[in-house]
Amino acid sequence: MAEVVADTVGSIGPAEVAEVELYHATSWLTKYVFCQDAKVIAIQYSVTAMAIGLVALVLSWLMRLQLAFPGTFSLIQSENYYQFITMHGMIMVIYLLTALFLGGFGNYLIPLMLGARDMAFPYVNMLSYWVYLLAVLVLVASFFAPGGPTGAGWTLYPPQAILSGTPGHEWGIILMLASLILFIIGFTMGGLNYVVTVLQCRTRGMTLMRMPLTVWGIFTATVMALLAFPALFVGCVMMLLDRLLGTSFFMPSIVQLGQQLSYSGGSPILFQHLFWFFGHPEVYIVALPAFGIVSDLISTHARKNIFGYRMMVWAIVGIGALSFVVWAHHMYISGMDPYFGFFFATTTLIIAVPTAIKVYNWVLTLWRGNIHLTVPMLFALGFIVTFVNGGLTGLFLGNVVVDVPLSATLFVVAHFHMVMGVAPIFVVFGGIYHWYPKVTGRMLDETLGKIHFWVTFLGAYAIFFPMHYLGLLGVPRRYYELGATAFIPPSAASLNVFITVAALIVGAAQLVFLFNLIWSLSKGRAPGGNPWGATTLEWQTPQTPPGHGNWGKELPVVYRWAYDYSVPGTERDFVPQNQPASAPTA
Amino acid sequence: MPIAIALVLVAVGSVAFHLLNPWWLTPIASNWHYIDATIAITFWITGVVFTAVVLFMAYCVFRFRHREGTQAAYQPENKRLEWWLAIVTGVGVAAMLTPGLFVWSQFVTPPKGASEFEVVGQQWMWSFRLPGKSGRLGTTDTKYITPENPLGVNPNDPNGRDNVVIVGDDLHLPVGKPVRVWLRSVDVVHDFYVPEFRAKMDLMPGMVTRFWFTPTRTGTFEILCAGFCGIGHPQMRGNVVVETESDYQAWLQKQQTFAQLSASAK
């Protein structure tokens, strides 16, 4: 291949590596089931994640019903309530958000956005999905195991997680730990793939600083996940040994209900350190892909380049690095050396600076834009509002002394739902509305999309904003019922009813979305290959949906960054990344 | 257009809700009013930022919405603006962190001469231990726990003989006296939580945790567990009675010591 000369970048060298022949499916089974095409794997990941996410959604309805109308439903006993909150939390954080952002969006977008034919290791990529599916099935199996799923809280703190005072201590906790171990194995296969693909499989001209922020977000999150998940992995293995073989990694000598147990010498706080060494980066493993995707949504639908691209990239990388030195802000009242508080409060609040820069740059991208209020744009706006809200309440909880009264109250629940529940899921929705026409060749219905947006946005805000004030009042989290508690006025119960009604309505709106996903598959408008007028490579494929191998005979060559929107002097308001600088704009 | 209105409503509505809603911190009953002050500062700073960002978004969405023939500006970067915003943010963060760390340094430094008591948690009840005339708490170990010695006080430690042991009853404290709290759990993680005191701390099995406070008004305050401890977590309750020194001494005289409890068990 000849050297391509482009005046904006100097020259683009010829390809150094010959093309690798992909494994082409020969049967229905290898094309749709045991498929090595990252795009099919992405859909498998997404469908599985959303299916298990629906289970978690229903669990949230059940727990909200209990909080609003305590004791009304005989199906929701105390042990069930704890099982519901535990499974809801774990499913949403790990099996839905992590799997959907990395396994779903990552698989679909990384090769396409970088101009690659597929992931670097398609076979391992396929295995990654099947191990993930196995992890989900093991998790689901715990619902049917004797004693039910674990009710230890999603943080699974020992000793209670494996002792008899906690629901699901018989089988539930074993299956939970086994499922997490499987998930991490599956993720590692996928994660190594994403990293190698980003580093090694970019097409000619796609320098790192020309990658769309979506790829930057997913890439950084994957690197973080590869470093953070091992801490959870060893934590799970050790707890499993404590539970099954009677070792005492996390178990000190314990007298439970008058009985001396045979454990001795272990350290429960060690598990908390391991858990949060994973758990805090996990927040950003979910948030960074959302940051990246939302940047691209805002830029595309405001027809304007993302403001401060380089600062955005460094903010992503900086947040990723800093997030490894803040974990103990989840443990301010755990009894660890209180002097740690000075360090972790400082690092935690420093992280606010790069995060704030990202917010400013999103808003400044809107400034003097040409804002198309499409459904993806609406969800992006909803993301900014909820993310700013949840990020700011993080400044309460990160500031060690303020955390002391607020920790373990509903303030924390409201905070993390706003910042890592609602905000990232808005990006998931925005991303699905945005890329659905590429994945399926059809548009999602806009009216249904707007209904979905309005109910979800206003409803979710109505759920979680007032909840902070219950936490300020002092209402603790993980209470099956408040009972008669002197400092909690009856009005708090009315607010709980209001929140539950809002939660049921928001939940119902997700069924509209589900219907839209299925209905539009056959009935949606077919808009062509690039309906939004986007610059990134996935919109420039020869076919829509893209075929196996993504591109035609030749891989695309990249001549510019991903954000040439509304460039002065060009005819159209976008210039695709693979359009040479010298070529006349069509 | 509706989205611009909605954004304005979210910003204004949130501020209105904050000002008008009836749910707020419980009236404080300890010396940690500095914590409440830090919360107030944080609310002011974050509230201003939230309102400003959302209103600015509303303006952008209204002013720069797509109309026929409009075109976006082309401005990849503005280093000056970006640095300014970063610096202003840094100042805002410092304005919250500095008082926070200042108060934390008090939190980790108990005053000299503070009295002390111990909280012991088990599924699902609170117990307490106070030093006796010798003024010292005896050593403990989970392995000493028996029905007669529910808190696991070391029977061979002379300092433990006169310790006052309170199982399944209210804790009393004198008002206005700083007190160090030692916390211990015999089974799982619990958390000693009295909302009016603001300070709370986990009881971490296998170790002894600590904090301090000064009760500042008399009354009966409910103890909740704020560390999820299994199925009975919400029912794990107790009371702290804060009273005048003379009432406290009268109560203390009536309590049994570890030695008395051991003797009566024999």
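Nothing in this text is a laboratory measurement; each read-out follows from the coordinates by a stated rule. It should be emphasised that the depicted structure is a prediction, and the values quoted were computed from it without experimental measurement. Here Cβ is always computed from backbone atoms with ideal geometry, including for glycine, and neighbour counts include all displayed protein chains.
Expected output is a single nm value to one decimal: the length gained when fully extending between B:Leu9 and B:Phe62, i.e. 0.36 nm times separation in residues minus the C-alpha distance. What is it? Could the numbers behind the result be given before it?
Working: separation 53, 0.36 × 53 = 19.08 nm, distance 1.38 nm.
This chain segment gains 17.7 nm when fully extended.
Taking a ≥ b ≥ c as the square roots of the eigenvalues of the Cα gyration tensor, segment A:352-397 is oblate, since a/c reaches 1.5 or more and a/b is not larger than b/c. Top mean-square fluctuation among B:Pro178, B:Pro22, B:Pro147, Gaussian network model of chain B, C-alpha springs under 10 Å? Looking only at B:Pro178, B:Pro22, B:Pro147, the biggest GNM fluctuation is shown by B:Pro22.
For segment B:1-145, report the convex hull volume of the alpha-carbon atoms normalised per residue, in Å³, without decimals. Walk me through the intermediate numbers first.
Working: hull volume 35.5 nm³, N = 145.
Considering the Cα atoms of segment B:1-145, their hull volume per residue is 245 Å³.
On average, how many beta carbons from a partner chain sit within 10 Å of the beta carbon of a residue in A:252-263?
Working: counts 8, 8, 9, 12, 6, 4, 5, 2, 5, 2, 0, 3.
The mean count of partner-chain Cβ atoms within 10 Å per residue comes to 5.
If R0 is taken as 41 Å, the Cβ-Cβ distance between A:Phe342 and A:Leu241 corresponds to a FRET efficiency of 0.70.
Counting Cβ atoms of other protein chains within 10 Å of each residue's Cβ and taking the mean over peptide A:73-83 gives 1. Please identify the DSSP H helices in chain B that span no less than 15 Å along the helix axis (Cα) and have a mean Kyte-Doolittle hydropathy of -0.5 or more. Helices meeting the criterion: B:2-20, B:33-63, B:79-107. Taking a straight line from the alpha carbon of B:Lys133, these lysines sit under 22 Å away, with near neighbours fewer than eight places off in the same chain left out: B:Lys112, B:Lys177, B:Lys254. Shielding of peptide B:131-142 by partners, expressed as the average count of other chain Cβ atoms within 10 Å per residue Cβ, is 1. Quick one: if the Förster radius is 22 Å, what FRET efficiency do A:Glu21 and A:Leu208 give, using the C-beta to C-beta distance and rounding to 0.05? Taking R0 as 22 Å, the efficiency between A:Glu21 and A:Leu208 is 0.25.
Using Stokes-Einstein with the Kirkwood hydrodynamic radius over Cα pairs, what translational diffusion coefficient do you get for segment B:115-265 at 37 °C and a viscosity of 0.692 mPa s, in µm²/s rounded to a whole number? In µm²/s, the coefficient is 212.
Separation of segment A:178-230 from segment B:1-75 is 35 Å, based on Cα centroids. Taking a point 7 Å from the Cα of B:Lys177 along the Cα-to-Cβ direction, the residues of segment B:111-140 with backbone N closer than 16 Å to it are B:111-119, B:129-137. Could you list, in their original order, any pairs among A:Lys438/B:Lys79; A:Lys39/A:Lys523; A:Lys553/B:Lys79 whose Cα atoms are separated by more than 32 Å? Long pairs (Cα-Cα over 32 Å): A:Lys438/B:Lys79; A:Lys553/B:Lys79. Phi-derived couplings, Karplus 6.51 cos²θ - 1.76 cosθ + 1.60 at θ = phi - 60°, listed residue by residue for segment B:223-239: 9, 10, 9, 10, x, 4, 10, x, 4, x, 3, x, 8, 7, 10, x, 9 Hz, with x used for Gly and Pro.
What does the net charge come to around A:Ser264 if you take all other residues with beta carbon closer than 15 Å to its beta carbon, with K and R at +1 and D and E at -1?
Values: positive: B:Lys143; negative: A:Asp242, B:Asp141, B:Asp187.
Residues close to A:Ser264 contribute a combined charge of -2.
Using 0.36 nm per residue and subtracting the Cα-Cα separation, the extra length available between A:Phe515 and A:Ser74 on full extension is 155.6 nm.
So which DSSP H runs in chain A come out at 24 Å plus along the axis (Cα) with average Kyte-Doolittle of at least 1.0? Present the calculation step by step, with values, prior to reporting the outcome.
Details: long enough: A:38-68 (44 Å, 1.53); A:122-141 (29 Å, 1.74); A:172-200 (41 Å, 1.97); A:213-245 (46 Å, 1.88); A:268-301 (49 Å, 0.98); A:375-398 (33 Å, 1.77); A:423-440 (25 Å, 0.76); A:446-473 (41 Å, 0.98); A:491-523 (49 Å, 1.60).
Helices meeting the criterion: A:38-68, A:122-141, A:172-200, A:213-245, A:375-398, A:491-523.
Extension gain for the segment A:Ala581 to A:Ala526, taken as residue separation times 0.36 nm less the Cα-Cα distance, is 16.8 nm to one decimal.
Could you tell me the calculated FRET efficiency between B:Glu245 and B:Thr139, based on Cβ-Cβ distance and R0 = 35 angstrom, to the nearest 0.05? Mind showing how you got there, number by number?
Working: r = 29 Å, r/R0 = 0.82.
Computed FRET efficiency for B:Glu245 and B:Thr139: 0.75.
Here is the tail figure for the protein assembly as shown: Cα pairs spaced more than 46 Å apart come to 27 percent of all pairs. The peptide list A:329-337, A:151-159, A:523-531, put in order of mean Cβ contacts within 10 Å with the highest first, becomes A:151-159, A:329-337, A:523-531.
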